[in-house]
1. Could you grab me the full set of residues in the range 97-118 that are closer than 14 Å to Asp25 by Cα and hydroxyl-bearing (Ser, Thr, Tyr)?
2. Being more than 23 Å from the chain's Cα centre (by Cα) and over 14 Å from Glu58 (Cα atoms) is the filter here; which residues of the range 78-87 pass it?
3. Which residue is nearest to the chain's Cα centre (by Cα), if the candidates are limited to the range 21-40 and must be free of Cβ contacts under 8 Å to residues at least 40 places away in the same chain and closer than 20 Å to Glu88 by Cα?
4. Provide a single number: the residues in the range 41-72 that are among the small types (Gly, Ala, Ser) and more than 23 Å from the chain's Cα centre (by Cα).
5. Check Ile21 against each of (1) loosely packed, with under 15 Cβ neighbours inside 10 Å; (2) at pLDDT below 95 and name the one condition it does not meet.
6. For the range 88-124, which positions are surrounded by 10 or more Cβ atoms within 10 Å (Cβ to Cβ) and more than 17 Å from the chain's Cα centre (by Cα)?
7. Mind listing whichever residues of the range 59-87 are surrounded by fewer than 14 Cβ atoms within 10 Å (Cβ to Cβ), of a type in the set (A, V, I, L, M) and part of a helix (DSSP H, G or I)?
Amino acid sequence: MAAKVASGTNKVFQNHDDVHISFEDQQRINRFAKHNARMDDFKAELETKRSELKSLEEALEEIELFDEDEDIPFLDMLKETKEQVLKEIAGVEAKTKVIKAEMDELKAHLYQRFGSNISLEAED
C-alpha cells in the first residue's frame, strides 16, 4: 500500500503507523509534486507542438508538390513557422530535462529517507 501525505500536515500514514516528516522533507515532497505537475503541462505542450509541426510539414510537402516552378508566397512563411516550432519544441524539451534531473534527485532522496512508505511513481 502506498503512503499518502495527509493534506496540511507533516505526517505520512501507512497502515496506521506514523512516519515523521521534517519540514525539509515536506518541502522536497512539495517541490517534487510541483515539478510533476509541470512535467504534465510540458508533455501536453509538446504533444500540441509536435502536432503543429506535423501539420506544417504536411502543408510544406503539399505546396512543394504543387508546382516547383511557381513562387508561392506562403512557402517562406511556413518554413519560418516550422523553424520557430522546432525551436519551441527544443526549448520545452530542455526545460523537461532540467526538471526531470531535479525530480530524479528528489525521488532518490525521498525513497532513501522513506523507503516503501512513500510512492512517487506516476499513476497511468
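1. Tyr111
2. Within the range 78-87, the subset more than 23 Å from the chain's Cα centre (by Cα) is 78-81.
Hit for the range 78-87 is Glu80, nothing else.
3. Checking each candidate, the answer is Asp40.
4. 1
5. (1)
6. Ala108, His109, Leu110, Tyr111, Arg113, Phe114, Gly115, Ser116, Asn117, Ile118, Ser119
7. Listed by number, the residues that qualify are Leu65, Met77, Leu86.
The values are calculated or read from the model by the stated rules, or taken from the named source; none is laboratory data. Only a predicted model underlies this, so the values are computations on that prediction, with no experimental measurement involved. Cβ atoms come from the backbone with ideal geometry, glycine included; neighbour counts cover every protein chain shown.
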